[in-house]
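These notes are about the structure you will find just below.
The values are calculated or read from the model by the stated rules, or taken from the named source; none is laboratory data. Nothing here was measured: the structure is a model prediction, and the numbers come from that model. Because the Cβ atoms are built from the backbone with ideal geometry, glycine has one as well, and the counts that use them run over all protein chains shown. The area values use the complete protein model at the heavy-atom level, side chains included, leaving out ligands, DNA and RNA. Shrake-Rupley method; radii C 1.70, N 1.55, O 1.52, S 1.80 Å.
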Amino acid sequence: MSRIGGMCGGTSSAQPATAEIQAIADQVKSQLEEKTNKKYRMFKAVEFKSQVVAGTNYFIKVQVDDDDFIHIRVFESLPHENKPVVLHDYQTAKGRYDELEYF
C-alpha cells in the first residue's frame, strides 16, 4: 500500500528537521522531562524520519545541550481522531552523528 512520503510501514530516510517537526517535538518535551526527570534548557529538533502506520511515527533527533542529543519516537494520530501527539519512546546519550534508527 503506497502512501505519500513512502511505503506504509517503512521509515523514510533521514531529513533535516522542519518547523513542523520542531512543533511536534515541543509538544512532547514535558512528557520526556517527566520520564527522564530532567529539564532541558535546549530542545532543538535537528533531524527526523517518519513512518506511516495508522497515523505517523516520527523519530526525531533533538539537541538538548552543546554535544548532547536524545532520539525521541512520537506518535501522531490520524487527523480525524483529534488526539494529542504522544511520546512513545526515547533514547538518551546520543551524539550529533548517531544515526536515527527505528526503536
- Item | Long-range HN-HN contacts of residue 88 with modeled amide H, under 5 Å | 73, 74, 75
- Item | Helix 19-36 axis, angle to the chain major axis (alpha carbon atoms, nearest 10°) | 60 degrees
- Principal axis lengths of the stretch 1-92 from Cα atoms, whole Å, largest first? 40, 26, 21
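Among 70-76, 22-28, 93-99, how do they line up by average Cβ neighbours within 10 Å per residue, starting with the highest?
Highest mean packing first, the order is 70-76, 22-28, 93-99.
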- Take the solvent-accessible surface of the protein heavy atoms, probe 1.4 Å, and return the percent of it on the chain that carbon and sulfur atoms account for. 48 percent
- Note on the structure: With +1 at each Lys and Arg Cβ and -1 at each Asp and Glu Cβ, the charge dipole magnitude of the chain around its Cα centre, to the nearest 20 debye, comes out at 140 debye
- Accessible area per residue of the stretch 63-103 at 1.4 Å probe, in Å²? 65 Å²
